[in-house]
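Reviewing the structure listed below.
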Amino acid sequence: MIEAKLKNILAMLIFGTIGVFVKNIELSSSEIALTRGIIGGSILLIFIFLTKEKISIISIKNNLKILCFSGFAVGINWIFLFQSYRYTTISNATLSYYFAPIFVTIFSPIILKEKLNFFKVICIFMALIGMGFIVGVDGITNKRDFIGIIYGLLAAGFYASVILSNKFLKDIRGIEITVVQLFVSALTLLPYVLAVEGNNILKVSSSSIPYILILGIIHTGIAYLLYFSSIQKLKAQTVAVLSYIDPVFAVIISGFLLKEPLGFSKIIGGILILGSNFMNEFLNRK
């Protein structure tokens, strides 16, 4: 149990540093998403081959339509998230991205036929107020920050679609889902990247290569392996609580390591958004 918790915590800490590395990669957001999908998926395949892990082709075939949709959504989600990092601070991007569970709560009555009770509505309003604190007057007047937050919310919307579509998957393991989603995201992004970038595709400076490799190998391949190997041995509530290490660590890095502005209103906004998600998760478990 302790080993599983440590693996999960390490995965969350790795996820929390993604923004730092993305900001140092001199590629378009779509190219970064493409390379992340290819490298991360390849690392997982190598792990499966070395450990002789059995993959159920039948399970993948039975869920292929949903996996293709969610894989496409993963790729688009990454593009918007990486764009968010480019336009605004890591804390703004991360906190707006953590609107995904709120979007799930809003659309689950329509898609999953779940009831939207009074307490969930309160959680939604808490998150909206929190976003108001983060955007604030400065966010509206500073166009780059405002655009970055919009990109973060769009990324959250696509990630919410991944969460909702995954609810319809049946008899398939987490590692199988992730491998297919990563490669589908890369395959769906490839035509777009080729059309937009043309002959300049993946022309990157030597200084960016280490960051690309770290993003693909550590932040995707290794972090996902740590995450999926840990959640098999942990209770769902424990996983939910530990997941908040990711945004909190990202905000700490943003404020203290990168010296990005982190005012009182943003702290209040972050507490409201993450707090509403935590309350919502707790109510769901209850």
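The values are calculated or read from the model by the stated rules, or taken from the named source; none is laboratory data. Source: prediction; values computed, not measured. With ideal geometry, Cβ positions are generated from the backbone for all residues, glycine too; neighbour counts draw on all protein chains shown. To get the accessible areas, we keep the full protein, side chains included, count just its heavy atoms, and leave off ligands, DNA and RNA. Shrake-Rupley method; radii C 1.70, N 1.55, O 1.52, S 1.80 Å.
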All helices (runs of 4 or more DSSP H) inside the range 50-155 with 2 or more residues being among the polar types (S, T, N, Q): 57-62, 64-87, 90-97, 100-111
Leading residue by the ranking (most open to solvent (accessible area, probe 1.4 Å)) among those in the range 156-174 that are closer than 23 Å to Ile39 by Cα and in a loop (DSSP other than H, G, I, E, B): Arg173
Residues of the range 196-235 classified as open to solvent by 40 Å² or more (accessible area, probe 1.4 Å) and in contact with a Leu (Cβ under 8 Å, 6 or more places away or on another chain), total: 4
Any hit, the range 202-216, residues being closer than 27 Å to Leu274 by Cα and of a type in the set (Phe, Trp, Tyr): no
Test: Ile177 is surrounded by fewer than 19 Cβ atoms within 10 Å (Cβ to Cβ) and assigned to a helix (DSSP H, G or I): no
Count of the range 55-107 residues which are free of Cβ contacts under 8 Å to residues at least 60 places away in the same chain and either in contact with a His (Cβ under 9 Å, 6 or more places away or on another chain) or surrounded by 18 or more Cβ atoms within 10 Å (Cβ to Cβ) (or both): 1
Test: residue in the range 148-170 that is closer than 30 Å to Asn63 by Cβ, over 20 Å from the mean Cα position of the chain (by Cα) and of a type in the set (D, E, K, R): yes
Set Cys123, Cys68: member being over 27 Å from Thr17 (Cβ atoms) and either modelled with pLDDT of 90 or more or among the acidic types (Asp, Glu) (or both): Cys68
Total residues in the range 219-240, condition assigned to a helix (DSSP H, G or I) and free of Cβ contacts under 8 Å to residues at least 40 places away in the same chain: 0
Given (1) of a type in the set (Phe, Trp, Tyr); (2) more than 29 Å from Ser91 (Cβ to Cβ); (3) buried (at least 16 other Cβ atoms within 10 Å of the Cβ), number of the condition Phe15 does not satisfy: (2)
Residue, modelled with the highest pLDDT, within the range 241-283, restricted to residues that are part of a helix (DSSP H, G or I) and of a type in the set (Asp, Glu): Asp246
Among the residues listed as Leu182, Leu153, Leu169, Leu190, the single one being touching a residue at least 40 places away in the same chain (Cβ under 8 Å), farther than 30 Å from Ser230 by Cα and either in contact with a helix residue (DSSP H, G or I) (Cβ under 7 Å, 6 or more places away or on another chain) or among the aromatic types (Phe, Trp, Tyr) (or both): Leu190
So Ile25, is it over 22 Å from the mean Cα position of the chain (by Cα), modelled with pLDDT of 90 or more and either outside any helix (DSSP H, G or I) or within 28 Å of Phe168 (Cβ to Cβ) (or both): no
Residues satisfying the stated conditions in the range 182-205, i.e. of a type outside the set (A, V, I, L, M, F, W, C), within 13 Å of Leu27 (Cβ to Cβ) and either within 18 Å of the chain's Cα centre (by Cα) or not in a helix (DSSP H, G or I) (or both): Lys203, Ser205
